[in-house]
Structure formats: C-alpha cells, structure tokens
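Enquirer: Sharing a structure with you now.
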Amino acid sequence: MTSKTPTPRPLEGGEDKYQQVLGQYDFNISDDAVREAVRKIIAEKVPENDTLQVKKFLMGSVELTTLKTTDSEESVLAFTERVNDFDEQYPELPHVATICVYPCFAKTVSETLEVDGVEIACVSGSFPSSQALIEVKVAETALAVKDGATEIDIVMSVGKFLSGDYETVADEISELKAACGDKKMKVILETGCLKTAQNIKRASVLAMYAGADYIKTSTGKLEPAATPEAAYVMCQAIKEYYEKTGIQIGFKPAGGLNTVMDAVIMYTIVKEVLGEKWLTNQWFRMGTSRLANLLLSEVVGHETKFF
C-alpha cells in the first residue's frame, strides 16, 4: 500500500493541539511489517480459537445490521421481532449485542425490542459519506438519541483527514459526542480509504482523543472494508492509547466479514493484541448480518437461516 501521508494544517498562534497529541505516538510503522505480523497471528494463533466456545461468544458480539435503501418500518419491525424470537427459541445461546439501523427507525426498534441487554445503534452524521454540514450531523444524532438509540455510529470526515485538516476532523467528532449525551459513540474510520497503516493509526488516535467510545473499521459500503491488517493497526492504537490514558476504547470491525473464519481471525487479533479484557461483547463488536446465520449454523450443527 502506498499513499502520501496527509500534511497537517497548523493553526494560527501556535502548534495545533492535535499535533501535540499525535506527537506522543509512534507512527513509524510499515505496511509490510503489519502484513507479516498479521500473517504470523493467523498461522500460529487462529487454529486454537476455531472452537465452538469462541463461535458462541462471537454470536453475542454481533451487531445485527440492516442498512438498505429498501428498509421500511415493516421490514425493520420484522427484523427486530426475529431478535425477540431468537431469545425465546435459543435461550441457551447469547443473543446479539446490538440492532443497527438508520436513525429514522430508532423509534420502531425501541418500541418493538423486548430483549434486555440488546443495544439500539443508529448510523448517524450523514452516513456513509459524512458529507454534510456539522449542524445537520448534530441534529440527526440528537434526534436518533431522542427516538431511542442507545449507541451512535458516525463516520469520520475522511476527506478532511486526507487533506490534513485534523482540527476539523477531531472537533466534529467531539461535537457529535456531545450530541450523544451519555450514549456510546463509535467512530468509523473507513480504513479502505486511508490506505496506509500510518494513516489508520493516526485516524484511530485522533478519534479516540476526540471522544470515541469505540473505533470501527468501515461503513461496509466501500471496499476494502474490515481487513485483518486494518484491525491489527487499530487494536495496536487502542492498546497504546489505553497505556497512556487508562481509557479503554472498544473495537468494531464491520464490512467484509463474510465467513465464520473472518470472525475468528478478528477475535484472534483482538485477543493477541489487546488481551482478555477486550473479549466481552461490551468491548468487541462485529457489524454484520450474514455472519449471524453462519455462526448459528455452526453452533447448532446444521444450516439455518434464522435472521
């Protein structure tokens, strides 16, 4: 991967405060070194995690997601009812962590969901492009929370980041976090657009410093989405941030998780880089829908399409 590192725009009157923050971190990482580290983890560590116990855990980390142009109140209501039904039909298995929808369906999910412990996430802030006035992003986020969203997923302003305008990127994230109130906020980096390990780590640190409760790989609308290499870099950034601040940040790969093995690889990267403290469905989430059925099929021992 080759891409020019953005040249940050300094503020008038002194060093950019975000440059001061970034200056505390090591960005001397190469894409080749990341690829080799990931290759080694997959070869040496993944087989021991390819177990029924891990797959059951992963089911409980799924953010069951519907973000289609054709979504309607009727389809989202039926989608939510499947989560209610799952809890009744498979009481011995963990329910999904979250239902993730557009903000206009927050109220529908909130009024339909009957399962305790399942969060209601809304993508907000002009998802998936983040190309809107900040006032629009704030209003959409506040309305989603008002209608019952318990978590908000926003997209970092990728174009501004690639232009080196870190101040605006971070300030927008902070403003949207304020609009979330006490609700958790995930910041989507859209790592496929960032290209390099250095950019991915830099964006991760900015997002965490600006108020992210989780950092998330991708919208799932662009390719490449959640790659093991991007996950590795983001988890390394989370680890370093935790060591410096004592603040634990969650991780969410999303997009491109097409097989059970994809999920096991993500689990293994989190386990190897961040450790057991992150292996709960509070700190590790996966944004997907297709994986829920695949994981369930492996757990019950036969193909099933429940969701």
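Residue by residue, here is whether (1) of a type in the set (D, E); (2) closer than 22 Å to P128 by Cα holds:
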| residue | (1), (2) |
| --- | --- |
| N49 | no, no |
| S75 | no, yes |
| D87 | yes, no |
| V96 | no, no |
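Listed here are the residues, each with its yes/no results for (1) under 15 Å from T217 (Cα atoms); (2) modelled with pLDDT under 95; (3) open to solvent by 40 Å² or more (accessible area, probe 1.4 Å); (4) in contact with a strand residue (DSSP E or B) (Cβ under 7 Å, 6 or more places away or on another chain).
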{"site": "E229", "(1), (2), (3), (4)": "yes, no, yes, no"}
{"site": "Q236", "(1), (2), (3), (4)": "yes, no, yes, no"}
{"site": "G246", "(1), (2), (3), (4)": "no, no, yes, no"}
{"site": "G250", "(1), (2), (3), (4)": "yes, no, no, yes"}
{"site": "M261", "(1), (2), (3), (4)": "no, no, yes, no"}
{"site": "M266", "(1), (2), (3), (4)": "yes, no, no, yes"}
{"site": "I269", "(1), (2), (3), (4)": "yes, no, no, no"}
{"site": "V273", "(1), (2), (3), (4)": "no, no, no, no"}
{"site": "F284", "(1), (2), (3), (4)": "yes, no, no, yes"}
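Enquirer: Working only within region 30-53, note down all residues that are surrounded by 15 or more Cβ atoms within 10 Å (Cβ to Cβ) and free of Cβ contacts under 8 Å to residues at least 12 places away in the same chain.
Expert: none
Enquirer: Being closer than 29 Å to F57 by Cα and touching a residue at least 60 places away in the same chain (Cβ under 8 Å) is true for just one of T98, T112. Which residue is that?
Expert: T98
Enquirer: Is there a residue being of a type outside the set (A, V, I, L, M, F, W, C), at positive phi and open to solvent by 10 Å² or more (accessible area, probe 1.4 Å) anywhere in region 205-218?
Expert: Yes, because at least one residue in region 205-218 is of a type outside the set (A, V, I, L, M, F, W, C), at positive phi and open to solvent by 10 Å² or more (accessible area, probe 1.4 Å).
Enquirer: Let me ask something else about it. Mind checking which residues of region 54-67 are open to solvent by 20 Å² or more (accessible area, probe 1.4 Å) and more than 18 Å from the chain's Cα centre (by Cα)?
Expert: If the condition is that a residue be open to solvent by 20 Å² or more (accessible area, probe 1.4 Å) and more than 18 Å from the chain's Cα centre (by Cα), then K55, K56 are the ones that fit.
Enquirer: Give the residues of region 14-29 that are touching a residue at least 12 places away in the same chain (Cβ under 8 Å) and open to solvent by less than 60 Å² (accessible area, probe 1.4 Å), sorted by residue number.
Expert: Correct list: D16, Y18, Q19, V21, L22, Y25, F27, I29.
Enquirer: I need every pair where a residue in region 223-249 that is at negative phi and in a helix (DSSP H, G or I) has its Cβ under 9 Å from the Cβ of a residue that is at pLDDT below 95 and open to solvent by less than 50 Å² (accessible area, probe 1.4 Å), sequence separation at least 6 or different chains.
Expert: none
Enquirer: Condition check: closer than 25 Å to Y102 by Cβ and of a type in the set (A, V, I, L, M). Does A254 satisfy that?
Expert: When the stated conditions are applied, A254 passes them.
Enquirer: Which condition number in (1) under 12 Å from L296 (Cα atoms); (2) over 24 Å from the mean Cα position of the chain (by Cα) is the one that P94 fails?
Expert: Of (1) under 12 Å from L296 (Cα atoms); (2) over 24 Å from the mean Cα position of the chain (by Cα), only one is false for P94: (2).
Enquirer: If you don't mind, there's one more thing I want to ask. Output the number of the condition that T280 fails; it satisfies all remaining conditions of (1) among the polar types (S, T, N, Q); (2) part of a helix (DSSP H, G or I); (3) without any contact (Cβ under 8 Å) to a residue 24 or more places away in the chain.
Expert: The one condition T280 does not meet is (2).
The values are calculated or read from the model by the stated rules, or taken from the named source; none is laboratory data. This one's a predicted model, so the numbers in the text were calculated from it and none came from an experiment. Cβ: placed from backbone, ideal geometry, glycine included. Neighbour counts: every protein chain shown. Each accessible area value is taken on the protein alone, full model and side chains, heavy atoms only, with ligands, DNA and RNA left out. Shrake-Rupley method; radii C 1.70, N 1.55, O 1.52, S 1.80 Å.
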